[in-house]
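Novice: Quick one: structure below, then a few questions.
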Amino acid sequence: MPVNITSIKTSSNGVWQGDNPLNFAFPLLIVQTTLILVVSRFLAFLLKPLRQPKVIAEIVGGILLGPSALGRNQNYLHAIFPQWSTPILESVASIGLLFFLFLVGLELDLSSIRRSSKHAFGIALAGISLPFICGIGVAMVLRNTIDGLDQVGFGQFLVFMGVALSITAFPVLARILAELKLLTTHVGETAMAAAAFNDVAAWILLALAVALAGNGDGDEHKSPLISLWVLLSGVAFVAFMLIVIRPAMKWVGHRCSPEHDVVDEAYICLTLAGVMVSGFMTDLIGIHSIFGAFVFGLTIPKGGEFAERLIERIEDFVQGLLLPLYFASSGLKTDVAKIRGLEAWGLLGLVISTACAGKILGTFAVAMMFVMPVREALTLGVLMNTKGLVELIVLNIGKEKKVLNDECFAILVLMALFTTFITTPTVMAIYKPARGTSSSTHRKLRDLATTESSKGKLRILVCLHGPGNVPSLISLIESARSTKKSPLKLYVMHLVELTERSSSIIMVQRARKNGLPFINRFRHGDTVYGAFQAYGQLGRVSVRPTTAISPLSNMHEDICHVAEIKRVTMVILPFHKQWKGEGDESMENLGHGWRGVNQRVLKNAPCSVAVFVDRGFGSGAQTPGPTATVAQRVCLMFFGGPDDREALELGGRMAEHPAVEVTVIRFVERDGFESNGVLLRPSSTKSGEKSYSFSTAKMNLETEKELDETVVTEFRSKWDGVAQYVEKVASNIVDEVLGIGQSGDYDLIVVGRCRFPSTMVAELADRQAEHTELGPIGDVLASSHHGVVSSVLVIQQHDSAHDEELPASKISHTDHEEMANDVV
């Protein structure tokens with residue numbers, strides 16, 4: 001029965017007083033919101049293996065909850081989604097849409113669009129014009145076939161159909177590219193630039209369509225001057241925003257920059273109010289309120305502290321809670337049952353094929369004209385066919401303006417779903433940039449010492465989480481920089497986690513600034529790369545920046561891929577606990593996910609790896625320069641084995657630096673200890689998370705000892721009088737190591753990971769581990785409970801023979817003969 005919406009109360013008195021909460025606006029809104037979120041999140045979980053954008057799950061969830069599926073039960077539909085609740089749900093969702101379009105405007109950097117290549121402009125133009133023309137053709141067919149469409153104004157229907165088929169969803173495309181690791185490739189950069197052009201053009205065309213549509217009643221007597229006034233008012237509004245408001249927001253952004261102070265809450269509130277006022281103004285003009293929010297977003301200065309703070313405040317609430325309501329409401333309005341008969345389904349096929357063919361072929365043809373490879377050109381076409389978020393907004397406005405009826409709306413929603421759904425699997429099928437690593441590659445510092453590599457460059461890949469890692473890493477690199485041997489080439493990789501809330505403004509701007517292929521370009525105010533640039537200019541250091549934007553689960557692929565293609569000798573990783581000040585209690589744990597990244601790089605890297613546990617290295621003294629006095633004191637602990645030999649090789653490079661004082665402490669077994677020592681065998685009962693893992697490779701102990709003696713002898717003869725060498729007979733390894741770490745005599749302690757341990761280190765196999773990836777000695781020094789004040793560098797030498805590792809248990813020397821085949 002019809003309900004007078006003015007009689008609907010906000011809240012109920014509760015079931016004990018006889019009220020049904022579902023008959024009241026606010027309790028019903030809570031139930032609707034919860035149901036939509038649960039269903040959409042569940043569907044997003046199911047679609048995650050297919051790497052689908054979240055918007056797919058939200059639209060499908062709305063369709064399932066609406067009249068197409070569950071809504072066929074009228075009792076359910078009238079109870080949960082009654083007719084009177086629709087304006088309330090859509091009003092709340094529209095607030096989310098308003099702020100989402102503000103974020104979209106914030107993401108579009110007009111200056112970068114102007115800087116984009118002619119290729120991107122040509123591809124965008126073809127990607128709009130051909131689908132738009134095809135859309136007009138399809139509109140003619142639909143208008144003559146679907147009942148009721150002939151009552152709609154001819155001009156506005158043609159423009160709406162053209163826009164619906166020609167649009168590319170910039171935010172969805174950014175996420176797809178990031179998840180497929182294409183954001184920093186040539187294809188990804190071209191796609192993002194073309195999508196930015198496309199976005200601006202689509203909003204202009206949509207504004208034209210809305211102005212033409214008016215109230216959507218197809219009134220033939222409406223004066224054309226009304227549409228003209230709407231358009232002129234819209235142009236005046238945009239001009240006012242860009243000429244007057246944009247400089248004002250630039251001043252606000254400058255006031256909120258780090259040089260002045262923290263971001264003032266008053267400016268944040270003023271900006272949020274500005275979104276609402278801008279939306280009201282365009283609604284007053286006669287264009288949809290989302291245009292005002294979008295244009296206001298364009299006025300915000302990009303890339304600064306102010307923009308990022310706005311994103312932090314708005315994004316989670318809007319994209320996590322309000323925006324799903326909007327796209328679910330689109331699904332609720334989609335009644336697939338309206339598509340009846342073979343003719344209607346044929347129209348759906350026609351719309352989908354026309355949309356795909358127009359966008360893909362138009363983009364493909366122009367890309368081929370620009371001499372792009374066939375596979376890249378085809379991939380670009382498929383990427384530009386991404387619809388999603390913005391498409392749904394266009395369709396909802398069309399339905400709201402009564403330009404699209406129920407059947408046409410359902411056909412176009414399914415078209416948007418299909419074209420977005422096929423993007424990821426199609427791109428994965430046709431475009432796979434080489435990311436494999438060569439198993440024949442063996443790169444370690446020792447190779448540079450034993451070959452004629454002094455003519456080439458030492459290549460190091462340094463990874464960092466943020467600005468906090470920069471000073472210590474620069475000090476570390478400078479300490480290891482040889483002033484006489486091969487010059488250093490430094491690759492700096494900023495690790496950025498790709499999460500569900502990662503804004504495309506952050507992803508795209510970082511990728512544009514410093515993506516693969518490596519671009520030696522720095523922007524003013526970029527503290528991370530600016531610091532490395534300044535360092536590179538001080539000495540013979542060539543610095544190349546890049547950014548890895550990936551989920552933590554596969555970020556190691558990016559690191560190993562760059563290490564492979566750039567032929568680096570060593571990867572330096574920051575520890576997952578970050579030093580924040582004096583004392584161990586200030587070590588901040590960045591999370592288990594970052595620890596997992598380090599573990600997977602250690603396992604899969606094509607070169608040697610070092611994990612850097614920073615406790616303020618270089619903060620208490622000047623960064624060592626080639627002419628400085630001793631600024632850093634480095635201790636290298638040598639127990640024996642391939643990893644320790646690699647650490648000793650690094651120690652030799654440090655000893656060559658005049659501003660670094662190196663002390664090598666070699667731990668030797670006391671008399672009689674070796675004969676009564678321990679050996680290791682693999683243990684299936686131990687957990688890899690709480691027990692140290694050792695190499696399963698069978699190695700000759702005598703050969704290993706000879707190699708240890710050789711490298712120590714070489715080091716002593718080469719650096720006699722420059723580096724100190726001490727032999728220490730240790731009765732208790734843990735106490736001796738901790739004593740050195742707690743003494744404060746050294747700024748940095750370098751140790752091997754000990755995957756093939758000496759008898760002394762094997763004694764620690766059954767010790768309870770805190771950080772298994774660092775090995776026994778590294779774990780002792782990195783533990784937050786032992787009061788160690790020195791920074792620690794744990795080194796693993798690359799050798800494919802040691803790739804397989806397992807937890808191990810101690811066995812006594814007397815049992816060795818019986819278990820010889822099990823010895824690790």
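None of the figures in this text is laboratory data; all of them are computed from the coordinates on show. Because the structure is predicted, anything quoted here is derived from the model rather than measured. Reconstructed Cβ throughout: ideal geometry from the backbone, glycine too, with neighbour counts over all protein chains shown.
Novice: For R443, what residues show an amide H to amide H distance below 5 Å, using hydrogens built from the backbone and excluding near sequence neighbours?
Specialist: Correct list: S608.
Novice: Still on this structure, please answer the following. Which of the trypsin sites (Lys or Arg not before Pro) found in segment 705-793 are loop residues per DSSP with 16 or fewer other Cβ atoms within 10 Å of their Cβ?
Specialist: Here the trypsin sites (Lys or Arg not before Pro) that fit, given the DSSP loop and packing criteria, are R767.
Novice: For segment 346-436, state which trypsin sites (Lys or Arg not before Pro) are in a DSSP loop and have at most 15 other beta carbons lying within 10 Å of their beta carbon.
Specialist: R435
Novice: Using r as the Cβ-Cβ distance of Q74 and L321, and R0 as 35 Å, what FRET efficiency do you calculate, to the nearest 0.05?
Specialist: 0.75
Novice: Using θ = phi - 60° and the Karplus relation 6.51 cos²θ - 1.76 cosθ + 1.60, list the HN-Hα couplings for segment 385-396 in order, rounded to whole Hz, with x at every Gly or Pro.
Specialist: Going residue by residue, I get 7, 5, 10, x, 3, 5, 4, 5, 5, 4, 5, 5 Hz, with x marking Gly and Pro.
Novice: Quick query: amide H of T547 versus all other amide H atoms, modeled in the peptide plane; which residues come in under 5 Å with a sequence gap of 5 or more or a different chain?
Specialist: H494, L516
Novice: For the residues F617, F294, what sequence is obtained by ranking on other C-beta atoms within 10 Å, fewest first?
Specialist: F617, F294
Novice: May I pose another question? Between V15 and N589, what FRET efficiency comes out of the Förster formula 1/(1 + (r/R0)^6) with R0 = 56 Å and r the beta carbon distance, rounded to 0.05?
Specialist: Result of the calculation: an efficiency of 0.75.
Novice: Give, rounded to the nearest 20 debye, the magnitude of the charge dipole that segment 233-321 has about its Cα centre when Lys and Arg contribute +1 at Cβ and Asp and Glu contribute -1 at Cβ.
Specialist: The dipole magnitude comes to about 380 debye.
Novice: In sequence order, what are the phi-derived ³J(HN,Hα) couplings for segment 778-795 according to the Karplus relation 6.51 cos²θ - 1.76 cosθ + 1.60 with θ = phi - 60°, rounded to whole Hz, with x for glycine and proline?
Specialist: x, 5, 4, 6, 8, 4, 7, 10, 9, x, 6, 9, 7, 6, 10, 10, 9, 10
Novice: Select from F280, V235, V200 the residue farthest towards the positive end of the dipole of segment 5-430; place +1 on Cβ of Lys and Arg, -1 on Cβ of Asp and Glu, and compute about the Cα centre.
Specialist: The one lying farthest along the dipole's positive direction is V200.
Novice: Out of every Cα pair in segment 5-430, what percent are spaced more than 35 Å from each other?
Specialist: 29
Novice: Along the charge dipole of segment 1-102, Cβ charges K/R +1 and D/E -1, which of S40, S11, I95 sits furthest on the positive end?
Specialist: Of S40, S11, I95, it is S40.
Novice: Could you list W229, W579 so that the one with the fewest beta carbons within 10 Å of its beta carbon is first and the one with the most is last?
Specialist: The fewest-first ordering by Cβ neighbours comes to W229, W579.
Novice: What list of ³J(HN,Hα) values in whole Hz, one per residue of segment 52-63 in order, does the Karplus curve 6.51 cos²θ - 1.76 cosθ + 1.60 (θ = phi - 60°) give from phi, with Gly and Pro shown as x?
Specialist: The phi angles translate into 8, x, 4, 4, 4, 5, 5, 5, 4, x, x, 4 Hz.
Novice: A further question on this structure: Under a 5 Å amide H to amide H cut-off, with H placed in plane at 1.01 Å, what residues pair with L636 once short-range neighbours are removed?
Specialist: T663, V664, I665, V750
Novice: Of V390, A120, V163, whose Cα points farthest to the positive end of the dipole of segment 5-430 (charges on the beta-carbon: +1 Lys, Arg; -1 Asp, Glu; origin at the Cα centre)?
Specialist: Projecting each Cα onto the dipole axis, the largest value belongs to A120.
Novice: Does segment 247-390 come out rounded, prolate or oblate, given a ≥ b ≥ c as the square roots of the eigenvalues of its C-alpha gyration tensor, rounded meaning a/c under 1.5 and, failing that, prolate meaning a/b above b/c?
Specialist: Oblate.
Novice: Quick one: of K338/K401; K9/K402; K118/K489; K54/K577; K457/K718, which pairs are farther than 23 Å apart, Cα to Cα?
Specialist: In this structure, K9/K402; K118/K489; K54/K577 lie more than 23 Å apart at Cα.
Novice: Given +1 on the Cβ of Lys and Arg, -1 on the Cβ of Asp and Glu, and no further charges, what dipole in debye does segment 48-152 carry about its Cα centre, rounded to the nearest 20?
Specialist: That gives segment 48-152 a dipole magnitude of about 440 debye.
Novice: Please compute the length gained on full extension between I422 and K728, using 0.36 nm multiplied by the number of residues separating them and subtracting their Cα-Cα distance.
Specialist: Extra length from I422 to K728 when fully extended: 103.7 nm.
Novice: With charges set only on the Cβ (+1 for Lys and Arg, -1 for Asp and Glu), what does the dipole of segment 5-430 come to about its Cα centre, in debye to the nearest 20?
Specialist: The dipole magnitude comes to about 640 debye.
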